[in-house]
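Only one structure is covered here, and it is reproduced in the block below.
The values are calculated or read from the model by the stated rules, or taken from the named source; none is laboratory data. Please read these numbers as outputs of a predicted model, since none were measured by experiment. Quick reminder, even Gly has a Cβ in these numbers, built from the backbone with ideal geometry, and neighbours come from all protein chains shown.
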Amino acid sequence: MKEGFMEIKFFYSKGISHYSYVVLTQKGLVVIDPKRDVEDYLKVSRETGLPIKYILLTHCHADFIAGHIRLAELTGAKIIAGKGMSAGYELQELAEGDVIELGEAKFVVMETPGHTPEHVSYVVYDKDVSESEPLAVFTGDSLFAGDVGRPDLFGPEMQEQLTASLFETVQKHKGLPDGILVYPAHGAGSFCGKRISNRCPTSLGYEKKINPLYGIETLEEFKTVLFASMPTPPAYYFKISKRNRTGEGLEKTMPALQGVGVKDLLNFDGIIVDLRDQTCFASMFIPGSLNIASDIHFAIGVGFVVDPDDNIVLVGDGVEDVYLTLYRMGYDNVRGFLFGGIEAWRNAALPVKSFKYIDPKLCYDLVQKGEAVLVDVRSESEFASERVPFAVNMPLASLKERMGELPKDKLIVLQCGHGCRGSLAASILEKEGFDNVANLAGGLIAWKSRNLPVDNK
């Protein structure tokens, strides 16, 4: 490393759309918002010969288990967080204007509440370049590319206060130089915001021009725009937030994934998660299993329908990547994967089930005859934007609560955008005793391609 050189490395956890960072200085490393598996940061330390001196938390995360406790145990680094973190472990709480210096790097704390009460951003200066002009700001979940953090995760009793705080945070961020680089904690796919983009870094000047929340001058308009079409957060957020605050289980390492045999599943008390795609699942699956395909939306699907305390067995390909995602999310009761997959189950002459993967035109005809009900499991905002005129909207997050509204004497066709959520919804209903379910092949995209009726805003 050249003298006077400061470098920022970022690490992207694709399953949870999380960005974490390492700032390299001549005197050591600073890690910001670490993921649970900390080997990447240790590797940077080994390769550079620089010790990890500080671990900076922007806030108490809700969507993944943070790696600060484990990393501090392994390195002796000091954990830093905002005032009011009130954690069940040792850390140093800093307030507005407090400074951390390491080598040529200077980190200035900026209190940026709204997403959480204790949220802070870290404004970074490279002193070898300029003592007065900041290089970057680590914004956590206060400012994303194209979005801001949601302020509704602490219940209605705190939502009003946090929303007002978030509005003030936006004004504070807008006071930073346009050229400052913005390093957020999440990219597209995270439910910590509403419409996050994948720009890392972005710049404050760019966000001022294109971020819809940054051109608003009044709190009332800010509330209206912010909460319009805000999706329901995954249920698991609330348990993970508590664990990150108390420190419960944060130090756990990831055990090796074990294979289990068919006999082990016969009396399994837990959730069987089938990772195969929607067409394969529809043709044959273990009764009671849930279809959550191992794609970029896996974490969201799991977060909505599986509790972090549930025992889980995985079926299908890609189990290692999925297991890592579950570990990062705080799902610590993965009991293994099924040796031989669904074929091993079938070859053991054990019962399998299937459901229809139905063509859009056939679905249309059945609904017109009164023989089927089309249920759209997308979010309320997606449904409001574009929908099949006669579809019933039951978002995936509320499907189990509302399934009593569905008739059992008609075919229930589940529909989403492309078919993945529809397949998960169909598997949920099958698990809950609905025998006559189907997934709309290709979802709304396929429906429109057949020139079938659609309502728009």
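Scanning the range 205-227 for residues that are out of contact with any helix residue (DSSP H, G or I) (no Cβ under 6 Å at 6 or more places or on another chain) and over 16 Å from residue 149 (Cβ atoms) gives 205, 206, 208, 209, 210, 215, 217, 218, 220, 221, 224.
Remark: residue 222 falls outside the filter, which requires a residue to be surrounded by 14 or more Cβ atoms within 10 Å (Cβ to Cβ), touching a residue at least 40 places away in the same chain (Cβ under 8 Å) and assigned to a loop (DSSP other than H, G, I, E, B). Answer with yes or no whether residue 423 is among the hydroxyl-bearing types (Ser, Thr, Tyr) and either assigned to a loop (DSSP other than H, G, I, E, B) or in contact with a Cys (Cβ under 9 Å, 6 or more places away or on another chain) (or both). Yes. So in the range 1-11, with the set limited to residues that are free of Cβ contacts under 8 Å to residues at least 60 places away in the same chain and either outside any loop (DSSP other than H, G, I, E, B) or buried (at least 16 other Cβ atoms within 10 Å of the Cβ) (or both), which one is nearest to the chain's Cα centre (by Cα)? Taking the candidates together, the pick is 11.
Applying the criterion of at least 3 residues that are surrounded by fewer than 21 Cβ atoms within 10 Å (Cβ to Cβ) and of a type outside the set (D, E, K, R) to the helices (runs of 4 or more DSSP H) found wholly in the range 230-327 leaves 237-246, 278-283.
Based on what the data block shows, is residue 370 under 28 Å from residue 236 (Cβ atoms), at pLDDT 95 or above, in a loop (DSSP other than H, G, I, E, B) and not hydroxyl-bearing (Ser, Thr, Tyr)? Walk me through it before giving the result.
On the way: under 28 Å from residue 236 (Cβ atoms): no; at pLDDT 95 or above: yes; in a loop (DSSP other than H, G, I, E, B): yes; not hydroxyl-bearing (Ser, Thr, Tyr): yes.
No, not satisfied.
Any residue at all in the range 381-396 that's closer than 30 Å to residue 270 by Cα and either in a helix (DSSP H, G or I) or modelled with pLDDT under 95 (or both)? Checking the range 381-396: at least one residue is closer than 30 Å to residue 270 by Cα and either in a helix (DSSP H, G or I) or modelled with pLDDT under 95 (or both).
When restricted to residues that are out of contact with any strand residue (DSSP E or B) (no Cβ under 9 Å at 6 or more places or on another chain) and free of Cβ contacts under 8 Å to residues at least 60 places away in the same chain, the range 141-158 contains 5. Answer with yes or no whether residue 376 is at pLDDT 95 or above, surrounded by 19 or more Cβ atoms within 10 Å (Cβ to Cβ), in contact with a helix residue (DSSP H, G or I) (Cβ under 9 Å, 6 or more places away or on another chain) and over 21 Å from residue 285 (Cα atoms). Judged against the criteria, residue 376 is a match. Within the range 1-49, the residues that satisfy the criterion of being of a type in the set (S, T, N, Q), within 22 Å of residue 73 (Cβ to Cβ) and in contact with a strand residue (DSSP E or B) (Cβ under 7 Å, 6 or more places away or on another chain) are 20, 45, 48. Applying a threshold of 7 Å to beta carbon distances and a minimum spacing of six or more residues, or different chains, the list of pairs starting in the range 201-212 at a residue that is free of Cβ contacts under 8 Å to residues at least 40 places away in the same chain and ending at one that is part of a strand (DSSP E or B) reads 203/181; 203/182. Checking each residue in the range 91-108 for being among the hydrophobic types (A, V, I, L, M, F, W, C) and part of a strand (DSSP E or B) picks out 94, 99, 100, 102, 105, 107, 108.
Restricting attention to the range 106-120, the residues that are aliphatic (A, V, I, L, M) and over 27 Å from residue 160 (Cβ atoms) add up to 1. Scanning the range 12-56 for residues that are in a strand (DSSP E or B) and among the polar types (S, T, N, Q) gives 13, 20, 25. Taking residue 31 as the residue in question, decide whether it is among the hydrophobic types (A, V, I, L, M, F, W, C), under 27 Å from residue 176 (Cα atoms) and either outside the structural domain of residue 236 (by TED's automatic domain parsing) or surrounded by fewer than 17 Cβ atoms within 10 Å (Cβ to Cβ) (or both). Judged against the criteria, residue 31 is not a match. Residues that are surrounded by 19 or more Cβ atoms within 10 Å (Cβ to Cβ), modelled with pLDDT of 95 or more and in a loop (DSSP other than H, G, I, E, B) within the range 71-90 comprise just one, 77. Summed over the range 92-105, the residues that are surrounded by fewer than 19 Cβ atoms within 10 Å (Cβ to Cβ) and closer than 28 Å to residue 167 by Cβ give a count of 6.
Please determine whether any residue of the range 390-400 is in contact with a Cys (Cβ under 9 Å, 6 or more places away or on another chain) and either in contact (Cβ under 8 Å) with a residue 12 or more places away in the chain or outside the structural domain of residue 194 (by TED's automatic domain parsing) (or both). Within the range 390-400, one or more residues are in contact with a Cys (Cβ under 9 Å, 6 or more places away or on another chain) and either in contact (Cβ under 8 Å) with a residue 12 or more places away in the chain or outside the structural domain of residue 194 (by TED's automatic domain parsing) (or both).
Taken together, the criteria place residue 130 among residues that are within 26 Å of residue 170 (Cα to Cα), out of contact with any strand residue (DSSP E or B) (no Cβ under 9 Å at 6 or more places or on another chain) and in the same structural domain as residue 28 (by TED's automatic domain parsing).
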